[in-house]
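Remarks on the structure that follows.
What follows draws every value from the coordinates through simple rules; no lab data is involved. Every value quoted in this text rests on a predicted model; they were computed, and no experiment measured them.
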Amino acid sequence: MISARDVSFGYRDALVLDGVDAHVDDGDVVGLIGPNGSGKTTMLRTLYAALRPRAGSVEIDGGPVERLRPAELARRIAVVAQEGAPELPLTVVDMVLLGRAPLRSMLSSYTRADHRAAAAALSRVGARDLASRSFNTLSGGEKQRVLIARALAQEADHLLLDEPTNHLDIRYQHEILALVGELGITTVVVLHDLNLAARYCDRLVLLSRGAVVASGTPDEVLVPEIIEPVYGVHVRRLEEPDCVQLVFRPRDRNDGEDMRCA
């Protein structure tokens, strides 16, 4: 469980987060959504203590996150950052083994338990057959699976992902988010695509200019009355059998005639 209460953060005089509340129940997938510059990534970084709030608090399972030592924090929270992984001459299994680093002393070698954990993580994301491949030769979707496997190898019970579908084609976007939903881990994910958020998240937190505009299930948050003023577009909501989906039309001086959608 992750709880953020009245979290504020800023750089010098620029306030990026202003009194943000968020709650993630055990096993849920919660999406942080909002326009560019709304504070999504900054909020995510406060959740894993990469940034310390000016005010408010973040708790993991009822305990303050800032009181956790780095090794303990790594055992509780695994992170897949937006920048992905550097282009290193590593095999896939070596990349996944990096997730075991917080669990061992700096100079110790990887153990059989480490290798078993790496193999299990690769199997869990459907990438066991990639183990001997060079990480740099993988496709974008394959790399993202491996990075998630690296996070799983930490054996943490909370997973935080920053735009995991960025630069992926439609197929891999759905495959990665379906995979995340099947892991059964308490998860927070930053997403730009509202229709992906609607399909794969249990709850959503909508941010705008550093504040929470709405929080709840996708059915509660993704309504035109809430989305239109935040994104500045016209929204038509479709009721699909398994989730809501949105159709967008830009606002311009031909409003009423321009029926383009995205």
Scan around A131 for amide H atoms under 5 Å from its own, H built in the peptide plane at 1.01 Å from N, and keep only partners 5 or more places away or cross-chain.
none
How much mean residue ellipticity at 222 nm does the chain get from its helices, if each DSSP H run of length 4 or more adds -39500 (n - 2.57) and you divide by all residues, to the nearest 500 deg cm²/dmol?
-8500 deg cm²/dmol
Fraction of antiparallel bridges per DSSP, the chain only, in percent to nearest 5
60 percent
Using modelled amide H (1.01 Å from N, peptide plane; none on Pro or chain starts), what sits under 5 Å from the amide H of L159, excluding residues fewer than 5 places away?
A78, T186, T187, V188
Phi angles of the stretch 159-170, converted by Karplus (6.51 cos²θ - 1.76 cosθ + 1.60, θ = phi - 60°) into ³J(HN,Hα) in whole Hz with x for Gly and Pro, give 10, 10, 10, 10, 6, x, 9, 4, 6, 9, 6, 4
Can you give the extra length, in nm with one decimal, that the chain gains between L238 and A178 once fully stretched, where that is 0.36 nm per residue apart less the Cα-Cα distance?
19.5 nm
Counting DSSP beta bridges with both ends in the stretch 124-248, the antiparallel % (nearest 5):
65 percent
